[in-house]
Number of protein chains: 2
Amino acid sequence: MDSLKNLKKLLVGTPIPSAEAHHQRLSKTRALATFSSDPLSSVAYATEEILLVLMLAGSAALYLAIPISLAIIGLLLIVVISYRQTIYAYPSGGGAYIVARENLGEMPGLAAAAALLTDYVLTVAVSVAAGIEALVSAFPRLAPHSQPICLAAIFILTVMNLRGLKESSTVFAIPTYAFVVGVFALLAVAAYKLSAGSFTHIDPPQLPVVHGLTLFLLLRAFSSGCTAMTGVEAVSNGIPVFKHPESRNAAITLMVMLCMLAVMFFGITFFAHYHGVVPNETETVLSQLTRSVVGTSPFYYYIQFTTMAILVLAANTSYADFPRLSSILAKDRYLPRQLMTQGDRLVFSNGVLALGLLASLLIVMFKASTHALIPLYAVGVFLSFTLSQAGMVRHWYLEKESGWIPKAVVNAVGCVLTGVVTVVFTVTKFVSGAWIITLAIPIIISIFRAINRHYLDVGKQLTLIGALPEHVGPKARHHVVILPMAGLHKGTIEALHYAQSISADVRAVYVEIDPAFTASLQENWLTWGEGVPLVVLKSPYRSILAPLLKYVDEVALAEQDEHVTVLVPEFVTARWWHNLLHNQTALLMRAALAFKEGVVVTSVRYHLR
Amino acid sequence: MDSLKNLKKLLVGTPIPSAEAHHQRLSKTRALATFSSDPLSSVAYATEEILLVLMLAGSAALYLAIPISLAIIGLLLIVVISYRQTIYAYPSGGGAYIVARENLGEMPGLAAAAALLTDYVLTVAVSVAAGIEALVSAFPRLAPHSQPICLAAIFILTVMNLRGLKESSTVFAIPTYAFVVGVFALLAVAAYKLSAGSFTHIDPPQLPVVHGLTLFLLLRAFSSGCTAMTGVEAVSNGIPVFKHPESRNAAITLMVMLCMLAVMFFGITFFAHYHGVVPNETETVLSQLTRSVVGTSPFYYYIQFTTMAILVLAANTSYADFPRLSSILAKDRYLPRQLMTQGDRLVFSNGVLALGLLASLLIVMFKASTHALIPLYAVGVFLSFTLSQAGMVRHWYLEKESGWIPKAVVNAVGCVLTGVVTVVFTVTKFVSGAWIITLAIPIIISIFRAINRHYLDVGKQLTLIGALPEHVGPKARHHVVILPMAGLHKGTIEALHYAQSISADVRAVYVEIDPAFTASLQENWLTWGEGVPLVVLKSPYRSILAPLLKYVDEVALAEQDEHVTVLVPEFVTARWWHNLLHNQTALLMRAALAFKEGVVVTSVRYHLR
């Protein structure tokens, strides 16, 4: 026990008292790092995912990456403006679940929650997988080990998050800013070289045309690029973690993030196209671009490492959000209440653990491949965007405060746009993986509802409201204690004394396996039994349990509305393996009695040395 | 529960009352089949194992198989005569363990027991593996699946033995006699053909000389052939199962078995050598011999199938002996007492299960190869032979009844011979596997002794001998009941009523996680608490368990020598998955309290619908 405690202390840290909860707030700089690593890091793969789709229509279609990226940035701008309004309207944290539930009702709220939870898990899996791909681009020899490396990364993330938010956010600030500084520097070098004429335009290689340039293909490319937008909602979920004034700080953080994201995403897409970079199996687009701008220099390795770091750590956004949303759902009785309890370190430990496990499962199932995971990704986020914006429209309509119409229009535009994107997403990626999410979300919703029904049902059975003290539960006038025993020894005698201390009606019971033993037991009982009756039960089939359970039933029936207690003497052994030599009967007895109503089971333990 | 019971009934049969125990006795014909399938079946591989060793010295050495088989038959005769004396001296079952323990002391007894137990497990593994090799000789396409087939055979054997001895012995009688009849017919045909001149002598093929014809090699060939002798001790272990007069019937059975074994073993060895049969990788020697005598006729398949059947079923000898010896050891407190209980069908079910598991493990570890298992085999049997004969010598010496000297001489000769064979065995097969047994036997002995020490130690702690009723255990004058609760509901109130029924000193305890809730709880307690004090424990680190355990310790310290009972209210849920939504705290509480001395834990269950 103690060594387990020490291991936990080493991994998770010493407990933090509840009173310190308020000190765990984040400044804007730290919050940006904590909440933005997800969207910012997606520039590492978003361009590549767009090009991968456009490639199918041959090299002539690749230039379309530039208008597509501009369209995505435009959509992002609208979503962010829309979300700013939510931040001010819901200063205590306006996640899609809360906004949708309050304004649209239970089902839309649960749909938003289910969508977000699946996406949080996917964020962890996709980010970690993409991060390890950045590492493998620089060191191709690691390729066969990418899956265990991914699992190790998730393990480390989980442990860090069990330690608590503030400590981890320091860790997270460094790679986020290192990556942003690196990419900006890369883009600056590229722009300088371009103006100096030393970075020349290269046509992409000739590619076979597999697919005509249809609207469907264009929309699929757009959908793939939209993965850059996941995580934008993180800030509005996390408002209570910001320092005062929370809403204002959150809104500023959101705008700064938007600007950084727009510059990096467009810059990478532009230069990649300008230099004719095309996705390939072994190296990421960003890695190829960096090599062509700065060569395989120390700066190249800097970019690869910070890419890996920000991607692996981008998963942290989910580690902040998943447990928080789970705890809200648990409080509303849609998830098991264990997700509500804050652990030693003031984090929702069970939520953190659940996220780590689910993401590891995805990594194993999809063999740590970003391309396999991407089609599942972002469907959930866009569904929750849509529901949340719709909720905001209704919010403004219900409140009708002065100047509500322009606000409602902004949210309505956001709602329609993200709604369209959700549909485009589901349709264009359905076959390649989105069907899994289309299936998972209704299943999760029905789990939420089943849990909720159960808790409400239990609440109804247990409530004291409207009940009178004198009508609840049986008031014992008579209390029968049954003491099963296999033989006469100190343990039995201690149990007998205990039995006598709690009732005047004690009945010792012996199940007769060996008739020869019965006689000697009955004789000894005269000395030791203190006048308590000894009941001998026959057992023609040598079973100990069956006759005993039958007897307990008979007593319970005869003593209706009274308490019946069965005392089970157990040995507590000094060493674990000694347990194999004792107690099996006690264990079976407890298990069998668990389902008998009105019977109380008491373990009287005798400690062996 | 019910479907599990039905499955058990289907596999194992309906329970048999204890009163029917005596009807389960065996006639000589049946006993021969039950106890002799092991030695009789070993003629299927003993010749082959001898030839495999002699081959190393080239084809000129192969003729030595004939004198070696005669030597083994001679040794067998001496062992059987020696064992006949044991059968009469120990009519209630004179296994090596009992004879060695009674006459030589604890350690030799345990050594014999450990040797026998390992050999019983090996008998199952070797016989099943050899049986499946007979099958594969006839149907070579089954070769890649031999391991799963072996495991399936062990599973079937285990289930049959869980059904009980008499029923299974009917099943076992058929293949044993079918095999014996088949081999005798084969030998008769061969002898007839030989006399008619249609079965000609063939020189064995020229073989490379890998090893000189040393004494070591000769002894190794002898050792390998001695595997034919395993199982001879089965009859003397099983005397109580024979019909009256037990000893005489057992002795007759033993002599019949000896004659059958001698004829078959010598016959197979002689004709195999006469016809120049040499072991190869894909076909057994017996299969080759049968083909050359009767061709690939239906009779050939009859021999292969009955060989397989008797070999697979030979394992049954161990299924009779292993559980019986285990139960004797358990009664003497050298093995867990669970091995002592007879199940529904009057068999020692736990022993049967243990044997099945251990043999399956060996099959997997040694990849179902007879040749890999043979070097481990029979060491144990010869060690137990030696110890048992030595015990008999001392038995005669101590009893000194009239005419004891010739009896002692017979056993002394047996003891010396089998002792020499044991040493030869261990030395010649040490490197190829006997070292495992040399290591295993002392380990098993020390496990026996550790278990024995534990039971004796517990016995000493628990015994009432010499104790006075008034000095055993605390007599409660005062009894504190602690009722931890998370909130006020019907379950709590029922627990409160129960607590009041067993003590006048009840203390309700609430661990404060949310101070806002404390006030409302305290207010409601005025209505519902029936005057019982409500203790509120602070929990700065949000742990529920730690403050509670501390409080229990404090109360236990203050109320020294008194009973302290902790009531743990638990929910019994209507569906299994509902459990995931409840009871974790109760579970942890029970686990943590298990190690507190002097604290009784009572589960008050509230049944949810």
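The values are calculated or read from the model by the stated rules, or taken from the named source; none is laboratory data. Since the model is a prediction, treat every value here as computed from it, not as a measurement. Note: ideal-geometry Cβ built from the backbone for every residue, glycine included; neighbour counts use all protein chains shown.
Worth pointing out:
- Flag for B:T463 being at the interface with chain A (Cβ under 7 Å from one of its Cβ atoms), over 23 Å from B:A594 (Cβ atoms) and in contact with a helix residue (DSSP H, G or I) (Cβ under 7 Å, 6 or more places away or on another chain): no
- Of all the numbered requirements in (1) of a type in the set (K, R); (2) more than 25 Å from B:G351 (Cβ to Cβ); (3) at pLDDT below 85, B:K243 misses one, and that requirement is (2).
- You will find that of A:T282, A:T227, the residue that is crowded, with 16+ Cβ neighbours inside 10 Å and either in the same structural domain as A:F385 (by TED's automatic domain parsing) or acidic (D, E) (or both) is A:T227 and no other.
- Taking the stretch B:550-582 as the range and being surrounded by 18 or more Cβ atoms within 10 Å (Cβ to Cβ), assigned to a loop (DSSP other than H, G, I, E, B) and without any contact (Cβ under 8 Å) to a residue 60 or more places away in the chain as the test, the residues that pass are B:T573, B:H582.
- The one condition in (1) in the same structural domain as A:P336 (by TED's automatic domain parsing); (2) in contact with a Lys or Arg (Cβ under 7 Å, 6 or more places away or on another chain); (3) of a type in the set (A, V, I, L, M) that A:L462 fails to fulfil: (1)
- A:N350 part of a loop (DSSP other than H, G, I, E, B) and free of Cβ contacts under 8 Å to residues at least 60 places away in the same chain: no
- Residues in the stretch A:501-517 that are among the polar types (S, T, N, Q) and without any contact (Cβ under 8 Å) to a residue 24 or more places away in the chain: A:S501 only.
- Residue ID - nearest to the other protein chains (Cβ to nearest Cβ), chosen from residues in the stretch A:518-533 that are under 12 Å from A:L488 (Cα atoms) and in contact (Cβ under 8 Å) with a residue 12 or more places away in the chain: A:W528
- Only one of the numbered conditions (1) among the hydroxyl-bearing types (S, T, Y); (2) at pLDDT 65 or above; (3) in a helix (DSSP H, G or I) is violated by A:T14, and that is (3).
- Output for the stretch B:170-204, where each listed residue is at pLDDT below 90, small (G, A, S) and loosely packed, with under 14 Cβ neighbours inside 10 Å: B:S195, B:A196, B:G197, B:S198
- Residue check, B:I374 crowded, with 20+ Cβ neighbours inside 10 Å, farther than 21 Å from B:P442 by Cα and in contact (Cβ under 8 Å) with a residue 40 or more places away in the chain: no
- Residue that is assigned to a helix (DSSP H, G or I), crowded, with 22+ Cβ neighbours inside 10 Å and in the same structural domain as A:A234 (by TED's automatic domain parsing), where the choices are A:M308, A:M260, A:M255: A:M308
- Every residue from the stretch B:554-609 that is of a type in the set (G, A, S), more than 8 Å from every other protein chain (Cβ to nearest Cβ) and at negative phi: B:A556, B:A558, B:A574, B:A586, B:A591, B:A592
- Some residue of the stretch A:499-515 being hydroxyl-bearing (S, T, Y) and exposed (fewer than 14 other Cβ atoms within 10 Å of the Cβ): no
- The single residue among B:V99, B:V80, B:V121, B:V126 that is assigned to a helix (DSSP H, G or I) and within 20 Å of B:L258 (Cα to Cα) turns out to be B:V80.
- Candidates B:L157, B:L151: the one that is out of contact with any Lys or Arg (no Cβ under 9 Å at 6 or more places or on another chain) and either charged (D, E, K, R) or at pLDDT 90 or above (or both) is B:L151.
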